[in-house]
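Take a look at the structure set out below.
The values are calculated or read from the model by the stated rules, or taken from the named source; none is laboratory data. All of these numbers come straight from a predicted model, not from anything done at the bench. We place every Cβ from the backbone using ideal geometry, glycine too, and count neighbours over all the protein chains shown.
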Amino acid sequence: MIAIGYDVVATTAHALESGTLASWIPAITPLSRSNFGPSGDGTSGLTTINFNIFDKGGDGYEYITQGYGRTSYSYMYIGNWHNGIDIAAVYGAPIYSPTAAIVLAVGDHDDFCPRLAFGRFIVLEDDTNNLVLLFAHLVDIDVQPGVTIAKDQLIGTVGNSGDETGTHLHFSIFQSAGFSMASAHGCGPYPQGHDVDPFNYLGTVYQ
């Protein structure tokens, strides 16, 4: 299990994955956030986030409002890099885990740096695939650190905490090797590690 150390400030190593997506996955053109109400006002988008929506034939890709890496919004972030994807959803939409996992960390960056980071977040450790999953901008957190959860278990609900322009779920995937939760950016425990492109895992590893 990954050790969590809050006394080490690490530098996040970013790398754009070059893996081949499954042939059926559509080309991703992130939608304008205006498609889901003014700046994602929390009244439109997915009413439930279960990751089987990214299976072949699912409509999950229709709700991506920001992709991975360098995007039209990434100038707002450290290193001009968006380390995950944004999924449009209504305020309070339940989020179900895409995998069995151990809850590595939960927290609220707004306690340290209001409206400047991920807000309320959950970090899951997927030992089977040697990956770590981050779910951010939540309103409710329904799991506790150290607990083992099942695939499709409710873990929290979509909110608008942290630094965001509207209601959505931020979802990141990191490699387990080298990952830590370390104090950074004046925002308390912060995910540190090598993020990877979620599109290489959705609909295949996570479905």
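Some points to look at:
- Single residue of the stretch 38-51 satisfying the filter (surrounded by 15 or more Cβ atoms within 10 Å (Cβ to Cβ) and out of contact with any strand residue (DSSP E or B) (no Cβ under 7 Å at 6 or more places or on another chain)) that is modelled with the lowest pLDDT: 41
- Identity of the residue in the stretch 91-130, assigned to a loop (DSSP other than H, G, I, E, B), aliphatic (A, V, I, L, M) and at pLDDT 95 or above, that ends up surrounded by the fewest Cβ atoms within 10 Å (Cβ to Cβ): 100
- Unmet criterion (only one of (1) surrounded by 22 or more Cβ atoms within 10 Å (Cβ to Cβ); (2) under 17 Å from residue 51 (Cβ atoms); (3) modelled with pLDDT under 95; (4) not hydrophobic (A, V, I, L, M, F, W, C)) for residue 206: (1)
- Whichever residue in the stretch 156-194 is aliphatic (A, V, I, L, M) and within 13 Å of the chain's Cα centre (by Cα) and, among such residues, is nearest to residue 123 (Cα to Cα): 173
- Just one of the listed residues (120, 115) is within 16 Å of the chain's Cα centre (by Cα) and of a type in the set (Lys, Arg), namely 120.
- Of everything in the stretch 195-207 that is among the hydroxyl-bearing types (Ser, Thr, Tyr) and in a loop (DSSP other than H, G, I, E, B), the residue that is farthest from the chain's Cα centre (by Cα) is 204.
- Residue check for residue 143: β-branched (Val, Ile, Thr) and either part of a strand (DSSP E or B) or under 13 Å from the mean Cα position of the chain (by Cα) (or both): no
- Residue 18 being modelled with pLDDT of 50 or more, farther than 30 Å from residue 150 by Cβ, of a type outside the set (A, V, I, L, M) and surrounded by fewer than 18 Cβ atoms within 10 Å (Cβ to Cβ): no
- Within the stretch 76-94, residues that are over 20 Å from residue 61 (Cα atoms) sit with their Cβ atoms under 7 Å from residues that are at pLDDT below 95 and basic (Lys, Arg), at 6+ positions apart or across chains, in these pairs: 80/70; 81/70.
- Tabulated pairs, the stretch 150-162, first touching a residue at least 12 places away in the same chain (Cβ under 8 Å) and of a type in the set (S, T, N, Q), second in a loop (DSSP other than H, G, I, E, B) and crowded, with 16+ Cβ neighbours inside 10 Å, C-beta under 7 angstrom, 6+ apart or interchain: 153/97; 157/93; 160/42; 160/91; 160/166; 160/167; 161/119
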